[in-house]
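First up is the structure itself, then whatever we jot down about it.
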């Protein structure tokens with residue numbers, strides 16, 4: 001007869017707070033391009049990123065629309081951030097250092113963006129859902145809305161996670 005397997009102990013509240021702070025620092029500061037975009041974490045669980053419209057992000061000078069590359073990069077970053085949180089939950093028994101080490105292997109495999117409306121707005125918010133987190137590959141679906149909650153773009157991506 002097999003003994004019932006007990007799950008490993010979850011990290012304590014202090015360690016979870018340390019990990020959350022490190023994940024936010026990674027997303028906002030250590031990934032330098034996210035700083036260029038001005039991405040800020042507005043909620044951690046579920047993770048949500050926001051950025052303000054600025055002249056440097058304009059792609060169409062006559063209409064002041066957000067550049068498509070900014071949209072794509074933001075949705076890619078959002079997918080990666082969502083996977084980081086999912087990985088931290090999958091390995092809830094690991095310390096901050098152990099989980100942060102796992103992120104060194106995270107990278108985009110494939111990204112598909114659907115541009116649905118012109119990128120007009122005062123600020124933009126990105127959200128994501130982890131569709132699958134396997135041992136080697138994770139899949140996400142992302143959304144970008146403007147300050148009026150108008151859907152600007154959606155994306156789907158696959159990431160290497162190991």
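The values are calculated or read from the model by the stated rules, or taken from the named source; none is laboratory data. All figures in this text were calculated on a predicted structure; none of them were measured in a lab. Ideal geometry is used to build each Cβ from the backbone, glycine not excepted, and the neighbour counts take in all protein chains shown.
Could you please find all residues in segment 32-44 being in contact with a helix residue (DSSP H, G or I) (Cβ under 7 Å, 6 or more places away or on another chain) and within 23 Å of residue 141 (Cβ to Cβ)?
Residues satisfying the conditions are 33, 34, 37, 39, 40, 41, 44.
Out of segment 121-131, which residues are crowded, with 17+ Cβ neighbours inside 10 Å and out of contact with any helix residue (DSSP H, G or I) (no Cβ under 6 Å at 6 or more places or on another chain)?
Residues satisfying the conditions are 121, 124, 125, 127.
Show the residue pairs meeting these rules: Cβ distance below 8 Å; 6+ apart or different chains; first residue within segment 55-75 and on the phi < 0 side of the Ramachandran plot and assigned to a loop (DSSP other than H, G, I, E, B); second residue crowded, with 19+ Cβ neighbours inside 10 Å and modelled with pLDDT of 95 or more.
67/57; 67/119
Which numbered condition trips up residue 63, out of (1) under 19 Å from residue 148 (Cβ atoms); (2) at pLDDT 95 or above?
(2)
Testing residue 148 on (1) over 22 Å from residue 38 (Cβ atoms); (2) at pLDDT 95 or above, one condition comes back false. Which one is that?
Residue 148 satisfies every listed condition except (1).
If you take the residues in segment 47-60 that are closer than 17 Å to residue 126 by Cα and modelled with pLDDT of 95 or more, which one is surrounded by the most Cβ atoms within 10 Å (Cβ to Cβ)?
Filtering segment 47-60 for residues closer than 17 Å to residue 126 by Cα gives 47-54, 57.
Of the ones still in play, those that are also modelled with pLDDT of 95 or more are 48-54, 57.
Values: 48: 17, 49: 27, 50: 17, 51: 21, 52: 12, 53: 20, 54: 12, 57: 21.
So the residue we want is 49.
I'm trying to understand the selection: among the residues of segment 19-45, which are surrounded by fewer than 16 Cβ atoms within 10 Å (Cβ to Cβ), out of contact with any strand residue (DSSP E or B) (no Cβ under 7 Å at 6 or more places or on another chain) and not in a loop (DSSP other than H, G, I, E, B)?
Once the filter is applied, which keeps residues that are surrounded by fewer than 16 Cβ atoms within 10 Å (Cβ to Cβ), out of contact with any strand residue (DSSP E or B) (no Cβ under 7 Å at 6 or more places or on another chain) and not in a loop (DSSP other than H, G, I, E, B), segment 19-45 yields 21, 25, 29, 30, 32, 33, 35, 36, 43, 44.
In segment 85-96, which residue that is out of contact with any helix residue (DSSP H, G or I) (no Cβ under 7 Å at 6 or more places or on another chain) and in a loop (DSSP other than H, G, I, E, B) is farthest from residue 57 (Cα to Cα)?
Going through the qualifying residues, I end up with 93.
Just the residues that are part of a strand (DSSP E or B) and surrounded by 12 or more Cβ atoms within 10 Å (Cβ to Cβ), please, taken from segment 97-111.
108, 109, 111 - these are the residues of segment 97-111 that are part of a strand (DSSP E or B) and surrounded by 12 or more Cβ atoms within 10 Å (Cβ to Cβ).
Would you mention how many residues in segment 132-150 are in a strand (DSSP E or B) and surrounded by 14 or more Cβ atoms within 10 Å (Cβ to Cβ)?
Looking only at that region, the number is 11.
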